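Each remark here refers to the structure printed beneath this line.
The values are calculated or read from the model by the stated rules, or taken from the named source; none is laboratory data. This is a predicted model, so every value here is computed, not measured. Here the Cβ positions follow ideal geometry from the backbone for every residue, glycine too, while neighbour counts run over all protein chains shown.
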There are 4 protein chains.
Amino acid sequence: MHDTLTTLTELLRELPGIGPRQARRLAYWFVRRDHAWVERFARALIAARDKVKTCDLCMRLFPSEHTASRCSLCSNHHRDAHLLLVVEKDVDLENIEKTGTYKGRYFVLGGTTSNLDKEPERKVRVRELLARITLPNDTISEIVLALSATTEGEDTVAFLKEYLAPTCTNHALKISILGRGLSTGTELEYVDADTMKSALLGRS
Amino acid sequence: MHDTLTTLTELLRELPGIGPRQARRLAYWFVRRDHAWVERFARALIAARDKVKTCDLCMRLFPSEHTASRCSLCSNHHRDAHLLLVVEKDVDLENIEKTGTYKGRYFVLGGTTSNLDKEPERKVRVRELLARITLPNDTISEIVLALSATTEGEDTVAFLKEYLAPTCTNHALKISILGRGLSTGTELEYVDADTMKSALLGRS
Amino acid sequence: MHDTLTTLTELLRELPGIGPRQARRLAYWFVRRDHAWVERFARALIAARDKVKTCDLCMRLFPSEHTASRCSLCSNHHRDAHLLLVVEKDVDLENIEKTGTYKGRYFVLGGTTSNLDKEPERKVRVRELLARITLPNDTISEIVLALSATTEGEDTVAFLKEYLAPTCTNHALKISILGRGLSTGTELEYVDADTMKSALLGRS
Amino acid sequence: MHDTLTTLTELLRELPGIGPRQARRLAYWFVRRDHAWVERFARALIAARDKVKTCDLCMRLFPSEHTASRCSLCSNHHRDAHLLLVVEKDVDLENIEKTGTYKGRYFVLGGTTSNLDKEPERKVRVRELLARITLPNDTISEIVLALSATTEGEDTVAFLKEYLAPTCTNHALKISILGRGLSTGTELEYVDADTMKSALLGRS
C-alpha cells in the first residue's frame, strides 16, 4: 500500500506540464504548508468543481453562484450577436478577450482533431456547434474559425469547414478563418513560404 | 468578490515554479477533470497533511499511519549510527538515498542561510541540530555537512561550522564536508579554479 | 606585441554571433587544418571581396565574374517590373526568394532606423531608394515595404512612408506594407493584441 | 560553377558550430567589411598557419616567430618538472592555465578515444606520449590524466592506463586521475551516484 506522500505525488504527476521531480517537490511543499492553507486549497478545488459550470451556449467553463446556465459573455446583450468565434479552449478565449479586439460571441470546441483521426466528432464539440448555429431565432451570420496556425489547427479548420458546409449553405451562414500574415515579432530573414504568401496577398 | 475559478488560480500561483499562465491552465484543467478525481485529489491532500509528520530526530517529513514519532531511516538499526549527514531539504535526502551510496543517518536543515542574514538561526534548524548531536547515549562521531556547492551552500557550511564548533570540540565530534572535484559531466575546457584546485589536490 | 594566434582570435571575435570562447576554439581549429585548406579559405575570402559587387539598381551584393553592374534579379526580364519589394538586408531577400512567393523586383535598404535616430538617412539607403523609384522610363507602380514585424521594422516603415510620400504622390506610386495576421506557428493562447486585430480584420 | 559567395559560404559551413544560416550571414558580413579588414584577416590566417607550430615536447600549438621547437611552458624552468598533466586539447590546457592552479608540465593528446574504437592509437597521441615519458634524463615522476568526466573522457583514461601501465612500472612513474566530487554549482537534489560516492569518500 502506498503512503500518503507517494499517493499525492502520483496524483500531482497527472497535472499537465509537471514532471516527476517537480511533482515530488510540490508534494513536500504542500505538506510543509500550514494546515489552514491546505484546507483552503482543498476547499477552493471542491468549490471550483461545484460552482464552475459549462455554459450551455458556448461550452466555456464559467463560475456561477446561481442557477444561471449561460456565461456572462453569452448573456451580455452588448456583444455583437452576428459573429461567432470558434476557439479550441478556454484559455484561448480568455487571451482573445484580454486583447480587447473582438466583441462578438464565442464557442469553445474543447480540443483539436487531426486528419488521421477516425472519429473527429469525439475530439471536438462539432455536434454542439451544429446545434448552436442552428438555434431558432438566432442572429449569427458569420462563424470565424479561430484555430492556431499549427498543423492541428489547420486540420481542425479543414474538418469543421467540411462538416459545417451543408448547414452553413442552408442557413446562409458565412464561414471565415483568421487572416494570415506577419505576426508581431516575425522576421523576414526567417519567414516561411505560407506566411510570406499571405503577407504579400494581404498587403495594404 | 472573486469567483471560484479566480480563487483557485490565485492559490495555484503560490505553488513553486508555477507562473500565472500555467496557474490558469491548471485551474481549468482541475475543473475539467471528473468530479471523482478532484475528490480523490482533495482527499489525498488532506490525508498527506494529516498523516505526514516531522520526524523528531532528523526533522524530515515522513508518512505515518501510526503513532510513530521517528521516520523509517531513524528507526532502522542497520544504518550506520556513527555518521550524520546534514542536508538542506527533504528532496536532497531522497536523492542521496536513491544513489545508494550512503548508509548513515540524516538531519534535514530545512533551508540555507547567507552571510548577509542577521538571524541565520531562523533560516536553518541549528538549534534542533545542536539538540540532535548532544542527545545522551548517542553514538554519532562524525557530522558530514552535505550542502550544495553553491554560494548559499557554502555560506551555510561556514555558519554551521562556526556554530557547532564548541559543541563538537566538547563532544569529540568530527565535522566534515563533502569532497570537491570533477563531478559527472564536468569538462576541462570549462572547469573553474575552485573545482580544478580540488581535483588536483584530490587526484588518486 | 601580440602573437599570431591571439591576433587571429581577436579578429574572429569581431564576427557577428561569435563569443570569446568560440573565437579561441575557431583560431585553434583554423591552425589545425591542413595548409591547403587555409590557403583555399583565404583565397575564397579575397575572391569574394574582389568579385562580389553591389548591384547599382537594388543595392544587393551579387557575385560577378564580368563587368556587369546589375545583379541577376535586376537583369531578369521575367520578373514583374511593377512591384518593388524593399527589404532590410541581403539574407531577407534570399529567404524571400527561397519561399518562391514573390516575382517582382527588390531594393536592399542595408539596415533599419529607429524613431530615436537623429539622422535616419545614414542608417538606411533612402537616398538611393529615392533615386531608384524616380528613374526615367521605370515601370514601378507599387513599393512594398517588407520590414520585420518588430519595433525597428515598424519605425523604419514609418520613416520610409513619410520620407517617400511626396515623391510617391508626384509619381503616382502606391506604397504598401506586408499584411499582418497569424503567422505559421502562432497559437491563439499567446496571440498579442496587434496580431489578433489584424487577423480578425483580415479574416477570409 | 559556384559563384564566389557560395564558395565562401560552403567553406564557412565547415567551421565547428556554424550552421548553414550563420555561414550565409557570415559570408555577407565578410563581403560587406571594408577591403583592408578582409586583407588583414586573410593575412592573419596565413600568418597563424605559418607561425604557429606544434611543440615537439607537449604537442600543443604555440606561436613562434623564431626557430624554437618548444613552447613557452615546456621551456619554462620554473614549472614543476615532476608532474605531467595529460589533457585532451589546447583549449583545455589554456583553461587550466587560466585557473592558475597547476604549475607542472602538460601533454596534449589531441583527442579522445572510445571503448568501441578498433585503433585508439589513431585518435590520441599515445605513441608521442610514450616517447615523452621515456625521454632520457627526464624528471617526470607522476602523470595526471586530466580528462573530462564524460564517457569519452573515462574511456580515454581506461585506455591510457592500460597502454601506459608497463612503461610506468618500468620507469617507476605514478599514474593518477583528477579527483571526483562536487564541482562548483553541483546541487544535492540532482547529484548522481558516482559523484555522491566520490564526494562521500573524499570528505574532509
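Determine the pairs where a residue that is in the same structural domain as A:R105 (by TED's automatic domain parsing), located within segment A:63-79, has a partner that is in a loop (DSSP other than H, G, I, E, B) and of a type in the set (G, A, S) with Cβ atoms under 7 Å apart, the partner being 6 or more residues away or on another chain. Every condition considered, no pair remains.
For beta carbons closer than 6 Å, sequence separation of 6+ or different chains, a first residue in segment B:31-56 that is more than 26 Å from B:T67 (Cβ to Cβ) and free of Cβ contacts under 8 Å to residues at least 60 places away in the same chain and a second that is surrounded by 19 or more Cβ atoms within 10 Å (Cβ to Cβ) and among the β-branched types (V, I, T), the qualifying pairs are B:V31/A:V52. Considering the conditions (1) on the phi < 0 side of the Ramachandran plot; (2) surrounded by fewer than 21 Cβ atoms within 10 Å (Cβ to Cβ); (3) part of a loop (DSSP other than H, G, I, E, B), D:H82 is excluded by exactly one of them, (3).
Rundown of residues vs (1) outside the structural domain of C:D92 (by TED's automatic domain parsing); (2) surrounded by fewer than 18 Cβ atoms within 10 Å (Cβ to Cβ); (3) within 30 Å of A:I96 (Cβ to Cβ), yes/no style:
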site: C:I140; (1), (2), (3): no, no, no
site: C:L147; (1), (2), (3): no, no, yes
site: C:T167; (1), (2), (3): no, yes, no
site: C:T186; (1), (2), (3): yes, no, yes
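As a summary of the residue check, D:G153 satisfies the conditions (1) surrounded by 14 or more Cβ atoms within 10 Å (Cβ to Cβ); (2) within 30 Å of A:R24 (Cα to Cα) except for the one numbered (2).
Of the residues screened, B:D56 is one that is within 21 Å of B:G110 (Cα to Cα) and surrounded by fewer than 16 Cβ atoms within 10 Å (Cβ to Cβ). Considering only residues in segment D:167-194 that are closer than 29 Å to D:P136 by Cβ and among the small types (G, A, S), the one that is nearest to the chain's Cα centre (by Cα) turns out to be D:S176. Quickly run through segment A:130-172 and pick out the residues that are in contact with a strand residue (DSSP E or B) (Cβ under 6 Å, 6 or more places away or on another chain) and over 26 Å from C:E189 (Cβ atoms). Selection gives A:T139, A:S141, A:C168.
Within segment B:42-57, can you find the residues that are part of a helix (DSSP H, G or I) and not β-branched (V, I, T)?
B:A42, B:R43, B:A44, B:L45, B:A47, B:A48, B:R49, B:D50, B:K51, listed by residue number.
Among the numbered conditions (1) buried (at least 20 other Cβ atoms within 10 Å of the Cβ); (2) out of contact with any Ser or Thr (no Cβ under 9 Å at 6 or more places or on another chain); (3) within 15 Å of C:E189 (Cβ to Cβ); (4) among the charged types (D, E, K, R), tell me where A:E94 comes up short. So the condition that A:E94 fails would be (1). At least 1 residues being more than 7 Å from chain C (Cβ to nearest Cβ), of a type in the set (D, E, K, R) and touching a residue at least 60 places away in the same chain (Cβ under 8 Å) is the threshold, and among the strands (runs of 3 or more DSSP E) wholly inside segment A:99-204 those reaching it are A:142-145. No other residue among C:D90, C:D50, C:D56, C:D80 is charged (D, E, K, R) and within 10 Å of the chain's Cα centre (by Cα) apart from C:D90.
Across segment D:1-36, which residue is farthest from C:E94 (Cα to Cα) among those that are of a type in the set (A, V, I, L, M, F, W, C), assigned to a helix (DSSP H, G or I) and facing chain C (nearest Cβ under 8 Å)? It comes out as D:L11.
State whether the residues of segment B:58-66 include one that is at pLDDT below 95, within 8 Å of chain A (Cβ to nearest Cβ), under 27 Å from B:V86 (Cβ atoms) and part of a loop (DSSP other than H, G, I, E, B). So far as segment B:58-66 goes, no, none of its residues is at pLDDT below 95, within 8 Å of chain A (Cβ to nearest Cβ), under 27 Å from B:V86 (Cβ atoms) and part of a loop (DSSP other than H, G, I, E, B).
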